[in-house]
């Protein structure tokens, strides 16, 4: 009986220390964010190429679901669309936006249930004689 009580006390103390250590490493205030990120089946990165009107779109996804990438203008007209196959896990593409007129555009990446939208603003600056346009990624 004495040995059983001693083993139970040791197990209880070890459990308390383990539980307190786990709680100490859990980020405070980020519980919901970390859970929502882990539920996503794909991630998207959109990067502007410096001193150009080019944009890199990088997608990392789980195998087994197809993704649709569309580029739309502010009137919701589809300018470009591409389907990423089910077997692909990583995808990257460089978009040259030189031929587009000034305005707001957005990339929509969707698997049918989830949609990630990345917005771009193209504008020409008037005071400079040569044509100059900038890209803002939101």
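Residue selection: residue 70 fails the criterion of being in contact with a strand residue (DSSP E or B) (Cβ under 6 Å, 6 or more places away or on another chain), modelled with pLDDT under 90 and surrounded by 10 or more Cβ atoms within 10 Å (Cβ to Cβ). I'm trying to understand the selection: among the residues of the range 53-80, which are in a loop (DSSP other than H, G, I, E, B) and touching a residue at least 12 places away in the same chain (Cβ under 8 Å)? If the condition is that a residue be in a loop (DSSP other than H, G, I, E, B) and touching a residue at least 12 places away in the same chain (Cβ under 8 Å), then 53, 62, 63, 64, 65, 66, 74 are the ones that fit. Within the range 105-133, restricting attention to residues that are surrounded by 10 or more Cβ atoms within 10 Å (Cβ to Cβ) and modelled with pLDDT under 75, the residue that is farthest from residue 57 (Cα to Cα) is 125. Listed conditions (1) under 18 Å from the mean Cα position of the chain (by Cα); (2) without any contact (Cβ under 8 Å) to a residue 40 or more places away in the chain; (3) within 26 Å of residue 39 (Cα to Cα) are all met by residue 105, apart from (3).
The values are calculated or read from the model by the stated rules, or taken from the named source; none is laboratory data. Only a predicted model underlies this, so the values are computations on that prediction, with no experimental measurement involved. Every residue, glycine among them, receives a Cβ derived from its backbone with ideal geometry; neighbour counts consider all protein chains shown.
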